[in-house]
Amino acid sequence: MKKMKYWILLLCLALGLSGCGSTGEILDEVVQSGILDEYLQPEKVQKIEVPKGEMEVHFIDVGQADCALLASGGHFMLIDGGNNEDDERILTYLRNAGVKKLDIVVGTHPHEDHIGSLDAAIEAFDVGAVYMPAVSANTATYRDVLDAVAEKGLQVQHPKAGDVLDFNGLPVEIFGPVKEYKDLNNNSIVLRISVGETAFLFTGDAETTAEFDILEQGFDISADVLKVAHHGSSGSSVEEFLAYADADYAVISVGIGNSYDHPEDVTLKRLQNYGMEIFRTDKQGTIVCNTDGENISFRQEGKSSQTAAVTEAAYIGNKNSMKYHTLDCSSLPIEKNRAYFADQAAAEEAGYAPCGTCKP
Ligand SMILES: [Zn+2]
Ligand SMILES: [Zn+2]
């Protein structure tokens, strides 16, 4: 039914707008309008029913950001909360997943792409405990999270390396941060959650310095699934860390065409060299991983409107300069200034000229 509505809607829009613009423009307009969000966003996620002792991890597609929802036996844990602008889609996703209470909320470190919508999530649901590293950021985003926690009558807790938390009977081992660092990324909470024989390692944006410090502590970081650190940046995922993690699967939470060039090729190669199968939210949208304690399976849960539109796109326009670029051009505009085009003709019809650098 929903699918049908979506096609009708798309047809109406195409007919209605075809007189004044190209396919690319229409697509862009449709995406900008947010009218498709209801249809393309992964809100179609069903209530999550996972027995106690088993677990499902939803790596929610939040573009260039992190957000993972963990579910087990009717209990929920949230590790990071996307950017500020992701609040509505995260709340909708969580509500549809059946979340009433978040037993544990982890903000791995105070960067916006990890705690942006945590305030909204904390306000919207009952919350058991909130964990963040013992470092602060002088940003409105960070203060919003603190305010939301305070309004719940809670205090942010700072776990120490070596602590073990409990998520509905599942052990959550804290490996990092081992100490305080100047760089916020290195202060990321790094944790492993074990489910029967299987384990998941979450690394936030921890970089090489933090990775070595964790290894030096002698923690057993071995896992089946690795949430790759810092969106696949080459400043993280050092070989030694990957060797000890010894994971079969790597999940990278990353925005398509992001300006950081994440995930970097060298990181992807490293992951492959260690035999990991790679899942990416920029290519696959929301990624769901299920474990019964022995077997691990993956499935896709749909793409955000942005990811869906961008997947179709072959060229990216800059709304300010009115130039269009190939997807791998070195001078792509920031996300909010982008227009997406399926082909060159669409870009030119919309009044965009080819970029002089990538010469499409
Ligand atoms: Zn960060
Ligand atoms: Zn990040």
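All of the numbers you see were taken from the coordinates with simple rules; none came from a lab. None of the values given here were measured: they were computed from a predicted structure. For neighbour counting, all protein chains shown are included, and Cβ atoms are generated from backbone atoms with ideal geometry for every residue, glycine included.
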Checklist entry - How many angstrom lie between the C-alpha centres of the stretch 174-206 and the stretch 252-296? => result 17
Checklist outcome for this item: Cross-link reach from K179 to aspartates and glutamates, straight Cα distance under 20 Å and at least 8 residues apart if same chain, gives D163, D205, E207, E211, D213, E216, D220, E240
Item to check | Rounded FRET efficiency, nearest 0.05, which uses the C-beta distance separating S331 from D163 and R0 of 51 Å | outcome: 0.70
Item to check | Relative exposure of T326, T267, judged by other C-beta atoms within 10 Å (fewest first) | outcome: T326, T267
Checklist outcome for this item: Which of K47/K283; K152/K182; K269/K319 exceed 32 Å between C-alpha atoms? The answer is K269/K319
Checklist entry - Taking a threshold of 29 Å on the Cα-Cα distance, which of the pairs K160/K336; K227/K359; K100/K227 fall above it? => result K160/K336; K227/K359
Checklist entry - Are there GluC sites (Glu not before Pro) in the stretch 212-279 that DSSP puts in a loop and that have at most 10 other Cβ atoms within 10 Å, and which ones? => result none
Checklist entry - Distance in nm between label sites at Q344 and A150, each 7 Å beyond Cα in the beta-carbon direction? => result 5.7
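Based only on Cα atoms, what mean projected area does the convex hull of the stretch 42-303 have, in nm²?
Dividing the Cα hull surface by four gives the mean projection, 11.7 nm².
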Checklist entry - Between N320 and D248, what FRET efficiency follows from the Cβ-Cβ distance if R0 is 25 Å, with the result rounded to 0.05? => result 0.05
